[in-house]
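Asks: One structure follows; several queries about it will come next.
The values are calculated or read from the model by the stated rules, or taken from the named source; none is laboratory data. Bear in mind the structure is a predicted one, so any value in this text is a computation, not a measurement. All Cβ positions, even for glycine, are placed from backbone atoms using ideal geometry, and neighbour counts span all protein chains on display. The accessibility values were calculated without ligands, DNA or RNA, using every heavy atom of the protein model including side chains. Shrake-Rupley method; radii C 1.70, N 1.55, O 1.52, S 1.80 Å.
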Amino acid sequence: MTGEMRRDVSVIVADDQDIVRDGLVTVLSLVDGIHVAGSASNGQEACELVEATHPDVVLMDLRMPVMDGVAATARILAEHPGTGVLVLTTFDDDASIAGALRAGARGYLTKDASREDIATAIRSVARGHATFDPQVSARLVSGLRPLQQVPEDSSALADLTPREREVLALIGDGLNNTEIADRLFISAATVKTHINNLFSKLGLRDRAQAVRFANDLR
């Protein structure tokens, strides 16, 4: 052991309902490895807190006064691209999900998520990974048109192989690497290779960007 201590993940909680916001702050303050840097009752306050504290993650509600969660997410990521936004909301309809993803949210949970689920998602988003509630993934899978229906001569996809287009479609549907491998009957290592290739060709930084890119093409 080097004796080096791992830094806690810093989080801001943004929710307009006092009891929900205070409850989340209390619960997350008890989780090892997570530090609550502050809380906000609307999107404007969340933006100001991000500017002041530079957190790793913002746990963001969507429906808030003054500035809603979608607008706040877009502003935060434009001004502080190193901060990840994890949506935590009551709403799992297509419009809410699409709005959050297009604004740049890296994760999406509904408020029936457990403390463990929220903590795990916060850590995942802090590492730059995309994370979605199973219900949200199900809506993405069932409610959105497969990417393969996009014309193959689309300029956005011109450099991708047919298999890379399939992998991108399944990323957009919320599948992880193992699920993609099972769906396409290939190895997880092969899936990773395809993902690395399509990320390079499309100039994508992470899986959250790939999800938004795929869904914008539908």
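Asks: Give the number of residues within segment 125-135 that are at pLDDT below 90 and open to solvent by less than 80 Å² (accessible area, probe 1.4 Å).
Replies: Number satisfying all stated conditions: 5.
Asks: Would you check which residues across segment 162-218 are outside any loop (DSSP other than H, G, I, E, B) and among the basic types (Lys, Arg) and list them? Let's see the steps before the verdict.
Replies: Here is the first cut: in segment 162-218, the residues outside any loop (DSSP other than H, G, I, E, B) are 162-172, 177-184, 188-202, 207-216.
Passing the criteria: Arg163, Arg165, Arg183, Lys192, Lys201, Arg207, Arg212.
Asks: So Ala71 clears everything in (1) aliphatic (A, V, I, L, M); (2) at pLDDT 95 or above; (3) more than 24 Å from Ile171 (Cα to Cα) except one condition, right? Which one?
Replies: (2)
Asks: Inspect segment 38-60 for any residue being open to solvent by 40 Å² or more (accessible area, probe 1.4 Å) and under 15 Å from the mean Cα position of the chain (by Cα) and give the result as yes or no.
Replies: no
Asks: I would also like to ask the following. In segment 6-37, how many are basic (Lys, Arg) and open to solvent by less than 40 Å² (accessible area, probe 1.4 Å)?
Replies: We begin by selecting, within segment 6-37, every residue basic (Lys, Arg); these are 6-7, 21.
Still in the list and also open to solvent by less than 40 Å² (accessible area, probe 1.4 Å): 21.
Number of matching residues: 1.
Asks: Still on this structure, please answer the following. Would you point out the residue of segment 105-122, among those that are surrounded by fewer than 20 Cβ atoms within 10 Å (Cβ to Cβ) and touching a Ser or Thr at 6+ places or on another chain (Cβ under 7 Å), that is nearest to Arg205 (Cα to Cα)?
Replies: Going through the qualifying residues, I end up with Thr110.
Asks: Cβ-Cβ under 8 Å, sequence separation 6+ or interchain: first residue in segment 101-113 and hydroxyl-bearing (Ser, Thr, Tyr), partner modelled with pLDDT under 90 and in a helix (DSSP H, G or I). Which pairs?
Replies: Qualifying pairs under 8 Å: Tyr108/Ile97; Tyr108/Ala100; Tyr108/Leu101; Tyr108/Val136; Thr110/Gln135; Thr110/Val136.
Asks: While we're looking at this one, here's another question. Do we find that Thr83 is buried (at least 19 other Cβ atoms within 10 Å of the Cβ), among the hydroxyl-bearing types (Ser, Thr, Tyr), under 14 Å from the mean Cα position of the chain (by Cα) and modelled with pLDDT of 95 or more in this structure? Walk me through it before giving the result.
Replies: Values: buried (at least 19 other Cβ atoms within 10 Å of the Cβ): yes; among the hydroxyl-bearing types (Ser, Thr, Tyr): yes; under 14 Å from the mean Cα position of the chain (by Cα): yes; modelled with pLDDT of 95 or more: yes.
Criteria met by Thr83.
Asks: Please determine, by comparing only the residues of segment 171-218 that are open to solvent by 30 Å² or more (accessible area, probe 1.4 Å) and aliphatic (A, V, I, L, M), which one is farthest from Pro81 (Cα to Cα).
Replies: Ile186
Asks: Is it true that some residue in segment 1-9 is touching a Pro at 6+ places or on another chain (Cβ under 8 Å), touching a residue at least 60 places away in the same chain (Cβ under 8 Å) and closer than 25 Å to Asp92 by Cβ? Step through it out loud before you land on a result.
Replies: Filtering segment 1-9 for residues touching a Pro at 6+ places or on another chain (Cβ under 8 Å) gives none.
No, segment 1-9 contains no residue that is touching a Pro at 6+ places or on another chain (Cβ under 8 Å), touching a residue at least 60 places away in the same chain (Cβ under 8 Å) and closer than 25 Å to Asp92 by Cβ.
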